[in-house]
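Please treat every number below as a calculation from the coordinates, not as lab data. None of the values given here were measured: they were computed from a predicted structure. Reconstructed Cβ throughout: ideal geometry from the backbone, glycine too, with neighbour counts over all protein chains shown.
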Amino acid sequence: MATDGPTPPSCDPKIFKNGREVCVLDGRSNAIECWVKKVAKKADAKVDWHYFAGRARVLHLGNAVSRQRVLDAINELKDELVGTILSVEVGSAVVSKIDGQLVLDDPVAVAMVSAVSKQNCKNTLEINADRVVHFKKRITERGMTASKVVIVLLNVNDVHGGPLAEVVMPGYDWQKIRNRGETPFARGLVARDFIQDALEMFDKVAAEKLKKMTEVAVVVVDHGVAEVFVA
């Protein structure tokens, strides 16, 4: 439900299902709805949006020429958005807003950093090994199956882990953990379908890995990426 006016209509089903992300926004629903409509009109393209984990994903449906018009429109209208542009995807690279500045990440460098980050997720798994054993036992005790739930280890300070943790454990006071000089993690059992959909949004490699896994899975979200392990 919107807090800044009437609740905007749902994302167009065709764009939601088949569209490709062009940017991610932070802002109130009616402000985003108004701005996205301006982008769509200026670009003469199929553009719509939806919230996921507290962020607005703007999607485009069309060919490369149409997509470029949308990217141009986003750039031209960026100052009219009552909110914040968190990232803009440009081809295989991503322009992100860091400390108020737009930074272009080189795709090759991004791939290398991603590979290292995924390896670092293994360290996160090892540090939380006892909790993985605990939750794997709980799955058995409750008669759950690997097809229904996964074990999650979410770094709350992570760009992706934070929003997911807020959905999984809404309203939890993570700051009290930070105040102890510790990194807060959300650990527990989460519906596999929900995590599958979440990974499709920001880490398709991890999403594909989870999709093929038949064993009890551990999904680690840390270091700006996700990685999937067998429990």
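The figures follow:
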{"read-out": "Cα-centre dipole for the chain with unit charges at Cβ (Lys and Arg positive, Asp and Glu negative), debye to 20", "value": "640 debye"}
{"read-out": "Chain lengthening between K176 and M144 when straightened (0.36 nm per residue, less Cα-Cα)", "value": "8.3 nm"}
{"read-out": "Interchain or long-range residues, amide H under 5 Å from V159's placed H", "value": "G224"}
{"read-out": "Highest-MSF residue in the chain out of G171, G188, G143 [GNM, Cα springs under 10 Å]", "value": "G143"}
{"read-out": "Contour minus Cα-Cα distance for T214 and V230 (0.36 nm per residue)", "value": "4.9 nm"}
{"read-out": "Gaussian network model of the chain, Cα within-10 Å springs - most flexible of R67, R142, R55", "value": "R142"}
{"read-out": "Most to least packed among 217-229, 68-80 [average Cβ atoms within 10 Å]", "value": "217-229, 68-80"}
{"read-out": "Whole-Hz couplings from phi, Karplus 6.51/-1.76/1.60, listed for the range 51-66; x for Gly and Pro", "value": "7, 9, 6, x, 10, 9, 9, 9, 10, 10, 10, x, 8, 5, 5, 5"}
{"read-out": "Simple label model, 7 Å out from Cα along Cβ direction - K122 to K136, nm", "value": "1.7 nm"}
{"read-out": "Value of [θ]222 nm, deg cm²/dmol, for the chain, DSSP H segments ≥ 4, -39500 (n - 2.57) each, nearest 500", "value": "-13500 deg cm²/dmol"}
{"read-out": "The range 143-216: trypsin sites (Lys or Arg not before Pro) in DSSP coil with no more than 15 other Cβ atoms inside 10 Å", "value": "K148, R180"}
{"read-out": "Projected label distance in nm at F194 and K41, using a 7 Å step from Cα toward the beta-carbon", "value": "3.8 nm"}
{"read-out": "Segment V159-S66, extension gain: residue separation times 0.36 nm, minus the distance between their alpha carbons", "value": "30.5 nm"}
{"read-out": "Percentage relative contact order, the chain, counting C-alpha pairs under 8 Å, at least six apart", "value": "16 percent"}
{"read-out": "Rounded to 10°, Cα long-axis angle of helix 192-202 versus longest principal axis of the chain", "value": "50 degrees"}
{"read-out": "Neighbour-count order for W174, W49, fewest beta carbons within 10 angstrom listed first", "value": "W174, W49"}
